[in-house]
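Asker: Pasting a structure below so you can have a look.
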Amino acid sequence: MTLQFKAEIYEEAGGYASVCPELVIASCGDTIDEARAMLIEAIELTLEDMSAEEYEFRVSGEMSASSDIDDEELVDSILVETSVIDVDVELPFAPAR
């Protein structure tokens, strides 16, 4: 099954951070392409073990990672890409969306 999610890539000192805000999953890489690929892999691995309830909670928008981020950390991050990524995964449930 192929699902689509939003991906945000941020340039940071020494590399790139990648975030899927819908699922509150993050990864990183030395290049933009590597950061995106690592995010896709992190999403695939996370979804394979996720329950339907956790998935619905994450995509509902009720879960947020921003509360764990210090404002000073955001100063050194520059958004360089926002895109939609395709994630191929076998889910143990049928997603509502």
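Asker: Leaving out ligands, DNA and RNA, what percent of the accessible area of the chain is carbon and sulfur, probe 1.4 Å?
Answerer: Carbon and sulfur: 50 percent of the exposed surface of the chain.
Asker: Name the long-range amide H neighbours of residue 28: under 5 Å, sequence gap of 5 or more, or other chain; modelled H, no Pro or chain starts.
Answerer: Residues meeting the amide H criterion: 18.
Asker: State the answer as a single residue: which of 3, 35, 61 lies farthest towards the positive end of the charge dipole of the chain, with beta carbon charges of +1 for Lys and Arg and -1 for Asp and Glu, about the Cα centre.
Answerer: Farthest towards the positive pole: 3.
Asker: Using unit Cβ charges (K, R positive; D, E negative) and no other charged atoms, how large, in debye to the nearest 20, is the dipole of segment 1-45 about its Cα centre?
Answerer: 160 debye
Asker: Next question. Please compute, over every Cα-Cα pair in the chain, the percentage with a separation greater than 17 angstrom.
Answerer: So the portion of pairs separated by more than 17 Å is 50 percent.
Asker: May I pose another question? In square angstrom, what is the accessible area per residue of the chain with a 1.4 angstrom probe?
Answerer: 61 Å²
Asker: Just in segment 4-65: which GluC sites (Glu not before Pro) are loop by DSSP and have at most 13 other Cβ atoms within 10 Å?
Answerer: Here the sparse-neighbourhood loop sites are 62.
Asker: Note the angle between two axes, namely the Cα long axis of helix 32-48 and the longest principal axis of the Cα atoms of the chain, as a number of degrees from 0 to 90, rounded to the nearest 10.
Answerer: Helix 32-48 sits roughly 30 degrees off the main axis of the chain.
Asker: While we're here: Placing unit charges on C-beta atoms (Lys and Arg positive, Asp and Glu negative, everything else neutral), compute the dipole magnitude of the chain about its Cα centre in debye, rounded to 20.
Answerer: Here the chain has a charge dipole of around 400 debye.
The values are calculated or read from the model by the stated rules, or taken from the named source; none is laboratory data. Owing to the predicted nature of the structure, the values given are computational and were not obtained by experimental measurement. Don't worry about glycine lacking a Cβ; one is built from the backbone with ideal geometry, like all the others, and counts go over all protein chains shown. Surface accessibility is based on the protein's heavy atoms, side chains included, excluding ligands, DNA and RNA. Shrake-Rupley method; radii C 1.70, N 1.55, O 1.52, S 1.80 Å.
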